[in-house]
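The values are calculated or read from the model by the stated rules, or taken from the named source; none is laboratory data. Computed from a predicted model, the values in this text were never measured in an experiment. Cβ coordinates were reconstructed from backbone atoms using ideal geometry, including for glycine residues, and neighbour counts include every protein chain displayed. Heavy atoms of the whole protein, side chains included, go into the accessibility calculation; ligands, DNA and RNA do not. Shrake-Rupley method; radii C 1.70, N 1.55, O 1.52, S 1.80 Å.
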Amino acid sequence: VFAEKILIEKECWFQKLSEEAVQLTVDTIHRIASCHYLKTTDIPKLHIGCGPFVMEGWLNVDIQCSCSDIRYLDAGKPYPFPDNSFNYIYSEHLFEHLSIEEQTVMLQECYRILRPGGRIRLATPNLHFLMNLYLYPDKECNRKYLEWSYQHFGMKQGVPEVQKKDYPLYVINNFFHLWGHQFIHTPQSLEHFAEKFGFWNVHSFPIGISDTPILQGLEKHGQNLPIWANELETFVMEMENLKQEVLIKEN
């Protein structure tokens, strides 16, 4: 089925420059594969920015496709899915890598492709956590994080070792620049931001916890760093598509 559909569209590939033709080929393959997933899945679930963590039963997408189970998607650009395609969307430690303009596109597109009453779960760093590192560096949990982070990520070859009182400065700068973070929210700012696009019932959950069984136990970021550090860095928000409410009112 994939091959037949690809052959139908192949005639336009080589009308482009070679680099554009390659990208068009890749986009076509991933779009057709994604449509196949939607047609063969009763409860479609989209995992945006999956990285190496492929989840069974989900459409796993990322800007880097490290294996055949991952489809290409740039989270900050329009999505190649029809309206009302998915029941659930999940994304962990991806949102902060987008600019505010790209975050706008992501939430607009997620709202568009979610079915009425669909739910999205986002795990992302908390700006309050970074502010607390600077304002309260002597608090036990902050001191522990600062020392751990500086030892692992802050010491640069050729750069003199800094005094511990300056750890917050180095750790916070590293947190943005070392990982390519663009715009980091607080729970309150993300709630207000999401509501602008029509999402409602926006609320926080602990890592791995949800009142929706499908969204329980999804977070994997803690596998890349100590669990306590991940819990300090991260907050999790779920929000629902308001289209269900609109349909109820119209009826």
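Here each label is just a point 7 Å from Cα along the line to Cβ, and for Glu231 and Ile209 those points are 1.0 nm apart.
With viscosity 1.002 mPa s and temperature 20 °C, the Kirkwood radius over alpha carbon pairs of segment 132-178 converts through Stokes-Einstein to a diffusion coefficient of 201 µm²/s.
Quote the relative contact order of segment 33-158 in percent (integer), defining contacts as alpha-carbon pairs under 8 Å separated by 6+ residues. Write out the running numbers ahead of the final one.
Values: 172 pairs, mean separation 24.8, N = 126.
Relative contact order, segment 33-158: 20 percent.
Amide H contacts of Phe183: Leu98, each under 5 Å away and 5 or more positions distant or on a separate chain (H built 1.01 Å from N in the peptide plane; Pro and chain starts excluded). The Rg/Rh ratio for segment 165-207 is 1.15, where Rg is the radius of gyration of the alpha carbons and Rh is the Kirkwood radius. Summarising the label geometry, the points placed 7 Å from Cα in the beta-carbon direction at Ser189 and Val54 lie 3.6 nm from one another.
Heavy-atom accessible area for Glu147, with the other protein chains in place and a 1.4 Å probe, reaches approximately 60 Å². In the frame of its principal axes, segment 71-144 has Cα extents of 51, 23, 20 Å, reported largest first. Computed from the alpha carbon atoms alone, the convex hull of segment 123-207 holds 109 Å³ per residue.
In the complete set of protein chains, residue-level accessible area for Cys65 is approximately 60 Å², probe 1.4 angstrom. In a simple Cβ point-charge model (Lys, Arg +1; Asp, Glu -1; nothing else charged), segment 130-199 has a dipole of about 120 debye relative to its Cα centre. Taking one quarter of the surface of the convex hull spanned by the alpha-carbon atoms of segment 147-251 gives a direction-averaged projected area of 9.0 nm².
Roughly speaking, to the nearest percent, how much of segment 35-133's 1.4 Å accessible area is carbon and sulfur? Ligands and nucleic acids excluded, carbon and sulfur reach 51 percent. Counting only protein heavy atoms and using a 1.4 Å probe, the accessible area of Ile63 comes to about 100 Å². Taken per residue, the accessible surface of segment 144-199 reaches 61 Å², heavy atoms only and a 1.4 Å probe. Calculated from the alpha-carbon coordinates, segment 63-196 shows an Rg and a Dmax of 18.2, 56 Å respectively. The HN-Hα couplings worked out from phi for segment 39-47 by the Karplus form 6.51 cos²θ - 1.76 cosθ + 1.60 (θ = phi - 60°) are 6, 10, 10, 6, 10, x, 9, 10, 10 Hz, whole numbers, x standing for Gly and Pro. Under a 5 Å amide H cut-off, with hydrogens placed 1.01 Å from N, Asn60 pairs with His47, Arg71 among residues at least 5 apart or on other chains.
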